[in-house]
1. Is there any pair with a first residue in the range 266-293 that is within 22 Å of Arg313 (Cβ to Cβ) and a second that is of a type in the set (Val, Ile, Thr) and in a strand (DSSP E or B) whose Cβ atoms are under 8 Å apart and which are 6 or more apart or on different chains, and what are they?
2. When you go through (1) under 26 Å from Val95 (Cβ atoms); (2) modelled with pLDDT under 85; (3) assigned to a helix (DSSP H, G or I) one by one for Arg54, which number turns out not to apply?
3. Among Asn4, Asn34, which is in a helix (DSSP H, G or I) and at pLDDT below 65?
4. Among the listed residues Leu292, Leu297, Leu309, which satisfies the condition of being touching a strand residue (DSSP E or B) at 6+ places or on another chain (Cβ under 7 Å), surrounded by fewer than 17 Cβ atoms within 10 Å (Cβ to Cβ) and either modelled with pLDDT under 85 or not β-branched (Val, Ile, Thr) (or both)?
5. Say we look at the range 81-101 and pick out the residues that are part of a helix (DSSP H, G or I) and either among the aliphatic types (A, V, I, L, M) or open to solvent by 90 Å² or more (accessible area, probe 1.4 Å) (or both); which of these is farthest from Leu236 (Cα to Cα)?
6. Only one of (1) without any contact (Cβ under 8 Å) to a residue 40 or more places away in the chain; (2) within 20 Å of Asp233 (Cβ to Cβ); (3) not in a helix (DSSP H, G or I) fails for Ser104. Which number is that?
7. Could you list, ordered by first residue, the pairs with Cβ atoms under 7 Å in which the first is in the range 63-92 and closer than 14 Å to Ile397 by Cβ and the second is among the hydroxyl-bearing types (Ser, Thr, Tyr) and part of a loop (DSSP other than H, G, I, E, B), at least 6 apart or interchain?
8. So Tyr394 clears everything in (1) open to solvent by 30 Å² or more (accessible area, probe 1.4 Å); (2) among the hydroxyl-bearing types (Ser, Thr, Tyr); (3) in contact with a Lys or Arg (Cβ under 8 Å, 6 or more places away or on another chain); (4) within 30 Å of Phe215 (Cα to Cα) except one condition, right? Which one?
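The values are calculated or read from the model by the stated rules, or taken from the named source; none is laboratory data. In this text the structure is predicted, and so the values were computed from the model without any measurement. No Cβ is skipped: glycine too gets one built from the backbone with ideal geometry, and neighbour counts run over all protein chains shown. Accessible surface areas use protein heavy atoms only, side chains included; no ligands, DNA or RNA. Shrake-Rupley method; radii C 1.70, N 1.55, O 1.52, S 1.80 Å.
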Amino acid sequence: MMQNSAKKLQRSSHIISVLAKYGFRDILNRLPWNTNKTSLEIGIDVTNISVYRRIRMALEELGPAFVKLGQSASTREGLLPQELIEELRFLEDRVDPFTIDIRSYIEEELEINFDEHFSTIEPEPFAAASISQVYRAKLIDGQDVVVKVRRPQVDEVLKTDLSLMRDIARILVGYSEPLHNLNLPLIVDSFAATLIQEISLLNERYNIERFAKNFKGNDKITVPKVYPQISSDRILTMEFIDGVKVTDKDQLKSMGLDLEEIVDNGINLYLEQVIVHGFFHGDPHPGNLMVLPNGKLAFIDFGNMGKLLSIDRQNLEEFIQAAVSSNAVHLADTIEDVAIVSSIPDRARFERSLYEIFDLIDNVSLGDISLEFLFDKLWAIIGDNRLYFPEYIYQLIRGISLMEGIGRQLNPHLNIMKSIKPFANRIMRERMDPRYLFEKGKNKAFSFVRDIEKLPDDLRSLFRQIKLGNFTLNHHLISAKSFTQILRKGVNLIVIGIMVLSLNMLAGMVIIAHVEPKFLGIPIWAWVFLATSFSLSIYLFVAMVRAKNRD
C-alpha cells in the first residue's frame, strides 16, 4: 500500500508539472494534492495557443491513459465545444516500442519451451501501441501467427492514472460549464471500466471466440483463430490475417474485387453484429478491417467490443422502429429511457427538433445525406438537453459512423439507410409475432401485479418517513389549481390500488371459507370480488398509461 501511495504521489507531481507547463494554473490551485505548486514555472508560451489545443497537448504528454480518455471524450459531441472535439480527434496512440527478449518473455510468461511451439519469431514488433505490441511468428506446424504482448507494468501505471483521473474529474466539474455538462466523473468511471477490460488479453481472446461463434458458417467473413494453449492474460497468439487494408482501393481493384459488394458486405456484417448478436466491434477504423483475396472481410483487434444486454437491444429496436416510422414522440421516449442522465427543459421543443430531422430526411435524397451529418444534428439536440448515455451508445455511434465513412470512400453513392431497412423490417416482423406479443403482455402483467403487491409496503415506508420528518416533496408548482388536480388524481389512483389489493384478499378469504353458493367450485362472492378487482385494475392501468403519455 505504501508503495502504491508513493507511486501515486510521484505520478501526481508529474501531472502537476505538465498542467503548469501548459498554463492550467487555475486547475492547479484547486487540486488537493500536497505539492509545492508555487515553485512550478510555465514551460511554454501559451499566449497564442488555444485552451483546447493546450488540453490536447497536455493529454499527449501525460501518456496512454490520458490519451485514451481524450479519445473517448472526443465521441461526446454536443456536450463539449466543437473546437475541443476537433482537437481531441488528433490524439493518436503513438508510443515507441519497448525492447525485450521476446523468446525469453514468452517462455517465462507461458512456462513453456519456445522451440516446442514456435519455429521462428521476428525479434522486432511490426506494430506498437500504448498497451501492447505485436510480433510476426510461425508455429512448428508452419502456421503464420501474430503474438500480441502486453507492456510490462502497464496495468499498474494505468490503475494509478485512473485513480488520479477520478480525483481530477471531481474537481474539474466546477472548473467550467462545458466540463460540468459533460458529467466528467461518470465518463471517467465508464472509461476506466472499458480500459481495464481492454488491457486484458485474456478478455480479448474470449471476445474473438465469441465473435467467431456468432459468425460460424458465414461465408462473408473470416475471424482469426486463437491458440489458447500458447496464450495468457499477457500474451495472445492468433492467426495472421494476410489481407489488404479495406480503404486501399487500387489494390482491391487489382485483385479483381467489386468495391460496392465489399461495402455492402461490410455494412451488413456490422449491422448484424449490432442488431442480431448484440456484440459488436467498438473501433472498426480502416486499420482494423481487412479484405482477403477471396473477398471475405476480417475484423482485427478485439480489445474494444460493444455489448448489448437484453434491455439494451430492446431499446435499440425501439429506436430503429421509431426512426423508420418517423415517430418523434416514440423516439423521444426511447432516448429518455436509454439516457443515464437527462435534463430536458422543454419536451415539446425536444420533439420538434426530432421532427425537423425527419423532415430533412424526407426532403433530401438519402444517398446525399451522411450519417455523420445526421448524428451531428442529433448531437446538437442531445447537447441542448444535457443527455448522457451508457458507453455502448457512444461505441455504437462511432462504429456506424466509421463504417459509413469507409463505405463512402469505396462507394460515394452509398445509401446506408437502404441497408438498415431490411433489419428494421425484420424487427417489425418479430414485434408482430404472436409469441412475442404474448411474452411481452405476460411480462407487463407480471410487472403490474408486482407493483400492486408492493404498494402497501411502499405506502408504509412513505408514512414512516412522514412520521419521522424525513419526507421531502420536490415539485415545480405551475399553479395551485393544477397541483391540486394532480394530487387528487394521484390519491385516487392510490386508493384504487388499495381497493384492488383488498378485493383480491377478500376473494381469497371467501374461497378458503367455502362460502355458498358456488359456481364452478368457487364461491359466487369470490367471482364478484375478482371481477370487480379486474375491472379496477384495467382502469388503473389505462390511467397510468395516459398519465405517462401526458408527461
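1. Note: pairs meeting the criteria are Leu269/Ile221.
2. (2)
3. Values: Asn34 fails: in a helix (DSSP H, G or I).
From the options Asn4, Asn34, the qualifying one is Asn4.
4. Details: Leu297 fails: surrounded by fewer than 17 Cβ atoms within 10 Å (Cβ to Cβ); Leu309 fails: touching a strand residue (DSSP E or B) at 6+ places or on another chain (Cβ under 7 Å).
It is Leu292.
5. Start the filter on the range 81-101 by keeping residues that are part of a helix (DSSP H, G or I), which leaves 82-88.
Narrowing the set further to residues that are either among the aliphatic types (A, V, I, L, M) or open to solvent by 90 Å² or more (accessible area, probe 1.4 Å) (or both) leaves 83-85, 88.
On the way: Glu83: 39, Leu84: 36, Ile85: 34, Leu88: 30 Å.
Among them, the one singled out is Glu83.
6. So Ser104 meets the others, but not (3).
7. Ile85/Ser74
8. It is condition (1) that Tyr394 fails.
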